[in-house]
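First the structure, which I've put down as C-alpha cells, then a few questions once you've had a look.
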Amino acid sequence: MNKPGKIIIELNNIYHRFPGSDWELNISEFTLSSRKVLGIIGPNGSGKSTLLRIAAGVLEPLRGAIRLENQELQNLDRLTIARHMGYLPQEVASLYDFTVEDVVRMGRYAHTKGFGSLDHSDLDAVRYSLEITEMDTLRKRPLSHLSGGERKRAFLASVLAQQPKILLLDEPTSALDIHYQVQFFRLLRILAKKGMGVAVVTHDINFASLFSDGLMFLVEGRCIATGPPKHVLTGETMHLVYGKDILMGQHPESDRPYILPRIFTEKKE
Amino acid sequence: MKIKTILLYSMVFLAVALISPWIGPESIDVAKVLHFIQGDINPDGEIFWHQRVPRVLLGLLAGGGLALVGASFQVLFRNPLVEPFTLGMSGGSALGAFLTISIPSLWVVWGPLSSVQIFALGGSAACLALIYSLAKRPQGMAVHTLLLAGVTISIICSGAILLLTYLSNPNAIVMFQRWMMGGIDVIGYGELVSLCPLLFPGLGLLFFHANDLNHIALSEEIALGHGVAVKNVKRNVFIGGGLTTAAIVSLVGPIGFVGLIIPHSVRRLSGFDQRLVLPCSFLLGGAALAACDSIARTVLAPTELPVGIITAIVGGPLFIYLLVSRYRI
C-alpha cells in the first residue's frame, strides 16, 4: 500500500460558488497519484461531489487550476481527458432502457473510431470489465430490471472499460449491500495495485478508513484534515464534526480507525 | 442485425419511392413514360417525370428530414413530445409566409424560389437564430430555456398571425390557410434543388452525431466522462435540426405528426440505439409522407387534399395507439 505514486491530477486554489447561493467551496490543494486510493469523506453538503465534478472537468470552478498529467485540463479535449480519467457520477437517469452490455460498450467511446463500432481489443476490455464487476451474467438485462447496486456496478464496468489511469467515483457504493461493498472496495485496491489512481467520494467513513491510502475530510466546503486514515480520523476531529454521538475504535486486522454510534446520549462515568 | 434492420427499412423506402409516382388521378402508361426518356414528348411522360417524380422525391426528403429531426430532438431535449416544430420555427415560417401573401408589395422571386418560400425561410431562420442566441451560455446550451423560448416564440408568432388574419382580405386568408395545411403539390426540380444547400448539411450533422446522441441519452455527465464533447454535439444537433426544419417547412409548410410519430414507431419496432433510430426514422418518415401524399392526390380526385390533413388524420390515431399500448415512450 505504500509504494510511491506519480501525481496524475492536481487541483490548486479551487474556489466555487453556485449562482444564487452563499455556499462556497475552497480547496487549496487536491492531488491524486497513481497506485493510490483516496477517500473523500465529510458530512452532507461538505462539497465532496462538487470537488469531484470539478476534478472531472464536468463543472468549471469560478477560480482555480486543474492539471491532468501536467497539462491544463481546460486545454484538453474531452476525448483526451476520457483516455486518462474515468468519472462515475452519483445519479444516472437514462432516457432509454439500455442493457448492461450497451452501457459497458459505450465506455469504449474514447478508444473507437466511427460510430462506436468495437474491435477485438475493445471487446476484450468490455468482457474484462463485466467480469471484474461480476456483471457478466446480467449483461443482457436492461437497466430498469437491475437493483440499485447492480446499476452502480454496471456503470462502474462502463467506466472501467474506458481503461483510464485514474478513476473518480461519486458514492459508488451507496446502494450496495455489504458483500458488494466489500467486493467493491477490494476491487478498488486491486485496481490501485495495477497502477490506477482512485478517488472515491463516500458517506461510509469505515470503508474509506479501511481501504484508502489517504483520506480527505471536507466540512462546509473546506478541507479540515488530509493524510493517512489514522491521522485524519482522530477522536478530536470526529467529535468536532459529528458531535459526541460516536465512538472511535480500531479495526482488529489493522491499525485503521473505525467509528461506531453511541447508544446513549450521555456517557456515564 | 443492424444492417438487416436498415435494409428492411430501405426496402420499404424504395418500394414507396418506386410505386408512388404511378399513383395519382391520371393513369399513366408505362411504355409512354419510357419513351419520354428517349425524347418522345407525350403527356403521360410529362406528368410522370415533371410532376410525380419530383413530388415523390420531395415527399421522401421532407418526411425523412422531419422524422430525423424529431428523433434527434427528442433525445437532445430529453422529452418524448418534442417534434421539429416545437421550437417555433414553423411559427416564424408561417408568419413569413403570411406576410408576403397578405402584403403584395413584398412579392419577390429569386431563382426557383417563390416569395412565399423566401419569406417562410427567412422567418424560420430568424426564429432559429433568436432562440439560439437566447439559450446560448458559456457552459453550453440551456436546453430548458431553448424549449421554453421556442414555445413562447411560437405563441408570439400565432398572435401576430391572428392579427394579420384580422386585417387581411379573405383571398389572402384562404391562400394562407392552404399553406398552413402543408402540401408538396406545387413542385418542380428547381425547388427541389433549392432545398439542398440547407437540407443536406443539416441531415449530415444529425447523422454524424448518432452515436454521440446515445451517450447523451444515457446521461450528459456520463457522456462527458466517456469523452463526448457534449457542448458541441448539442449545438450541432440543434443547428442541424434547425437548418433541416427551416428548409423543409419553407417549401412544404408545417406538416404535423411525421416528426413525432415516426421516431416513436421506429423505437418501438427496432429499439432505441440512435445509430439505428436516426437512419430508420429518415427512411420510414420519407416513405410515410410520400405514401400519405399518394393518398392525398387520389382520394378525392380530381381535387387534391392537402397532405397535412392525411398525416394528421392517419397519424393522430396511430400516436394515441402508441400512448395507450404497453410501450413506454
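From the set of residues in region B:153-187 that are under 17 Å from residue B:290 (Cα atoms) and out of contact with any helix residue (DSSP H, G or I) (no Cβ under 6 Å at 6 or more places or on another chain), which is surrounded by the most Cβ atoms within 10 Å (Cβ to Cβ)?
So in region B:153-187, the residues under 17 Å from residue B:290 (Cα atoms) come out as B:181-187.
Restricting the remaining residues to those that are out of contact with any helix residue (DSSP H, G or I) (no Cβ under 6 Å at 6 or more places or on another chain) gives B:185-186.
Numbers: B:185: 16, B:186: 13.
The residue in question is B:185.
Which residue is nearest to residue A:165 (Cα to Cα), if the candidates are limited to region A:62-83 and must be within 10 Å of chain B (Cβ to nearest Cβ) and not in a loop (DSSP other than H, G, I, E, B)?
Looking only at region A:62-83, we keep the residues that are within 10 Å of chain B (Cβ to nearest Cβ), and these are A:77-83.
So of that shortlist, the ones also not in a loop (DSSP other than H, G, I, E, B) come out as A:78-83.
Values: A:78: 15, A:79: 14, A:80: 12, A:81: 10, A:82: 10, A:83: 8 Å.
Ranking the candidates gives A:83 first.
So which residues in region B:187-215 are touching a residue at least 40 places away in the same chain (Cβ under 8 Å) and within 8 Å of another protein chain (Cβ to nearest Cβ)?
Matches in region B:187-215: B:210, B:211, B:214.
Further question: I'd like to verify a number: residues in region A:193-205 that are part of a helix (DSSP H, G or I) and in contact with a Leu (Cβ under 9 Å, 6 or more places away or on another chain), how many? Write out each step before concluding.
Taking region A:193-205 as the starting set, the residues that turn out to be part of a helix (DSSP H, G or I) are A:193, A:205.
This time we only want the ones that are in contact with a Leu (Cβ under 9 Å, 6 or more places away or on another chain), so: A:205.
Residues in region A:193-205 being part of a helix (DSSP H, G or I) and in contact with a Leu (Cβ under 9 Å, 6 or more places away or on another chain): 1 in total.
What residue, among those in region A:95-118 that are assigned to a loop (DSSP other than H, G, I, E, B) and either more than 8 Å from every other protein chain (Cβ to nearest Cβ) or at pLDDT below 90 (or both), is nearest to residue A:200 (Cα to Cα)? Lay out the reasoning, then the answer.
Initial filter on region A:95-118 (assigned to a loop (DSSP other than H, G, I, E, B)): A:95-98, A:107-108, A:112-118.
Now narrow it down to the ones that are either more than 8 Å from every other protein chain (Cβ to nearest Cβ) or at pLDDT below 90 (or both): A:108, A:112-118.
On the way: A:108: 22, A:112: 27, A:113: 30, A:114: 32, A:115: 31, A:116: 28, A:117: 31, A:118: 29 Å.
Residue satisfying both the conditions and the ranking: A:108.
Quick check on this structure: which one of A:125, A:175 is surrounded by fewer than 24 Cβ atoms within 10 Å (Cβ to Cβ) and not in a helix (DSSP H, G or I)?
Details: A:125 fails: not in a helix (DSSP H, G or I).
One residue alone meets the criteria, A:175.
Residues to consider are B:191, B:220; find the one that is acidic (Asp, Glu) and touching a Leu at 6+ places or on another chain (Cβ under 8 Å). Before you say what the answer is, go through the steps one by one.
Working: B:220 fails: touching a Leu at 6+ places or on another chain (Cβ under 8 Å).
The conditions single out B:191.
Of all residues in region A:135-172, how many are more than 14 Å from every other protein chain (Cβ to nearest Cβ), aliphatic (A, V, I, L, M) and assigned to a helix (DSSP H, G or I)?
Qualifying residue count, region A:135-172: 1.
On the basis of being among the aliphatic types (A, V, I, L, M), within 18 Å of residue A:116 (Cα to Cα), within 14 Å of another protein chain (Cβ to nearest Cβ) and surrounded by fewer than 21 Cβ atoms within 10 Å (Cβ to Cβ), does residue B:229 make the cut? Break it down into steps so the answer makes sense when it comes.
Working: among the aliphatic types (A, V, I, L, M): yes; within 18 Å of residue A:116 (Cα to Cα): yes; within 14 Å of another protein chain (Cβ to nearest Cβ): yes; surrounded by fewer than 21 Cβ atoms within 10 Å (Cβ to Cβ): yes.
When the stated conditions are applied, residue B:229 passes them.
Sticking with this structure for a sec: Residue B:117 versus (1) of a type outside the set (Val, Ile, Thr); (2) surrounded by fewer than 17 Cβ atoms within 10 Å (Cβ to Cβ); (3) touching an Asp or Glu at 6+ places or on another chain (Cβ under 8 Å): which is the lone unmet condition?
Looking at each condition in turn, residue B:117 falls short on (2).
Would you be able to tell me the number of residues in region A:213-233 that are out of contact with any Lys or Arg (no Cβ under 7 Å at 6 or more places or on another chain) and surrounded by fewer than 15 Cβ atoms within 10 Å (Cβ to Cβ)? Let's see the steps before the verdict.
Applying the first criterion (out of contact with any Lys or Arg (no Cβ under 7 Å at 6 or more places or on another chain)) to region A:213-233 yields A:215-217, A:219-228, A:231-233.
Adding the requirement that they be surrounded by fewer than 15 Cβ atoms within 10 Å (Cβ to Cβ) leaves A:227, A:231.
Qualifying residue count for the region: 2.
Would you pick out the residues in region B:14-32 that are part of a helix (DSSP H, G or I), in contact (Cβ under 8 Å) with a residue 12 or more places away in the chain and farther than 15 Å from residue B:55 by Cα?
Hits for region B:14-32 are B:15, B:32.
While we're on this one: With more than 24 Å from residue A:84 (Cα to Cα) and modelled with pLDDT of 90 or more as the only criterion, which of A:29, A:24, A:10 stands out? Show your work before the answer.
Numbers: A:29 fails: more than 24 Å from residue A:84 (Cα to Cα); A:10 fails: more than 24 Å from residue A:84 (Cα to Cα).
Only one candidate passes the filter, namely A:24.
Given the conditions (1) assigned to a helix (DSSP H, G or I); (2) within 11 Å of chain A (Cβ to nearest Cβ); (3) of a type in the set (Val, Ile, Thr), report the number of the one that residue B:266 does not fulfil.
The number of the failed condition is (2).
Same structure, new question: Would you confirm, using the coordinates I've provided, whether residue B:88 is modelled with pLDDT under 90, at positive phi and surrounded by 17 or more Cβ atoms within 10 Å (Cβ to Cβ)? Lay out the reasoning, then the answer.
Numbers: modelled with pLDDT under 90: yes; at positive phi: yes; surrounded by 17 or more Cβ atoms within 10 Å (Cβ to Cβ): yes.
In short, yes.
The values are calculated or read from the model by the stated rules, or taken from the named source; none is laboratory data. Just so it is clear, the model here is predicted, and its values are computed rather than measured. Positions of Cβ are backbone-derived with ideal geometry, glycine not excepted, and every protein chain shown enters the neighbour counts.
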